[in-house]
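Student: Got a structure for you, questions after.
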Amino acid sequence: KLDVEESTGNEIARFQGANSGSLVMRNDAANVFRMYAGAGDSLGFSGGNVSGSSHLGIDASGNVYVSAGKFGVGNAATSTPSHLLTVQASGGSGLARFYSTTATVTDGQAIVDIRADDNANPVAYDLLKVRQGSEERFVVTGEGDTTLKRWTAGNGTGANTVLTLAVDDQPTGVDMAT
């Protein structure tokens, strides 16, 4: 058992190696325990017996990165994430929000940027799919074809295509009134 207590200052422990990298642990005035790397250093965490590389890191600018494995947020943080980034919630609030507080959005600036660099075979994938359960509601293919669907009126099973914009840019759709 190791007990470290500082009664006269906020800095509890400082670790410094031969290469000048340091780690400081302190209890600040607001009773928040803080752990940080020295000025200009990054803070890295690794799983297993790994030296020289970090699986999770925080650089000197405050940027957080995951360099290996998958990252889970919410309920996905306690299970095995299924994708590189998995965000999962069981509560009633929204799952994610992308919000720009910029007063004027610059021409060409994207609030959300979805990108695939596979130009060799764009027909092989969908760039974006929005689903409700297993039903697709909105799809953008790698070629740019866009399809919007809605629930069928009546018993709520299946979906009707409302609008499809194909590669030739000729919109086609279904009149939902008929």
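Student: Suppose R0 equals 30 Å. What FRET efficiency, 1/(1 + (r/R0)^6) with r the Cβ-Cβ distance, do Leu95 and Arg34 give to the nearest 0.05?
Tutor: 0.50
Student: Here is a follow-up. From largest accessible area down, sort Ser46, Ser22, Ser134; use a 1.4 Å probe on the protein chains.
Tutor: Ranking Ser46, Ser22, Ser134 by accessible area, largest first, yields Ser134, Ser46, Ser22.
Student: Suppose each label sits 7 Å from its Cα in the direction of the beta carbon; what would the Ala68-Asp3 distance come out to in nanometres?
Tutor: Taking the two extended label points, one gets 3.8 nm.
Student: How much solvent-accessible surface does Lys129 expose, in Å² to the nearest 10, with a 1.4 Å probe and all protein chains in place?
Tutor: 80 Å²
Student: Taking K and R as +1 and D and E as -1, what net charge do the other residues with C-beta under 15 Å from the C-beta of Asp126 add up to?
Tutor: Taking every Cβ under 15 Å from that of Asp126, the sum is 0.
Student: At what distance in nm do the modelled label points of Ser82 and Ser20 sit from each other, each positioned 7 Å from its Cα along Cα→Cβ?
Tutor: Once both label points are built, they end up 4.8 nm from each other.
Student: Report Asp126's accessible area, 1.4 Å probe, all protein chains in place, as a number in Å² to the nearest 10.
Tutor: Here the residue's solvent-accessible area equals roughly 70 Å².
Student: 5 Å is the cut-off here: which amide hydrogens, built 1.01 Å from N in the peptide plane, fall below it relative to Val162, excluding neighbours closer than 5 in sequence?
Tutor: Answer set, sorted by chain and number: Leu148, Lys149, Arg150.
Student: Right, something else. Could you pull the accessible area for Arg150 with a 1.4 Å probe, rounded to 10 Å²?
Tutor: Answer for Arg150: close to 90 Å² accessible.
Student: Counting only protein chains, not ligands or nucleic acids, how are Met25, Met35 ordered by accessible area (probe 1.4 Å), most first?
Tutor: Per-residue accessible area, sorted high to low, gives Met35, Met25.
Student: Can you figure out the FRET efficiency of Glu135 with Ala103, using R₀ = 41 Å and their beta-carbon distance, to the nearest 0.05?
Tutor: 0.60
Student: While we're on this one: Just by accessible area at a 1.4 angstrom probe, what is the order of Tyr65, Tyr125, Tyr99 from largest to smallest?
Tutor: Ranked list, largest accessible area first: Tyr99, Tyr65, Tyr125.
The values are calculated or read from the model by the stated rules, or taken from the named source; none is laboratory data. Source: prediction; values computed, not measured. Don't worry about glycine lacking a Cβ; one is built from the backbone with ideal geometry, like all the others, and counts go over all protein chains shown. In case anyone asks, the SASA skips ligands and DNA or RNA and just uses the protein heavy atoms, side chains included. Shrake-Rupley method; radii C 1.70, N 1.55, O 1.52, S 1.80 Å.
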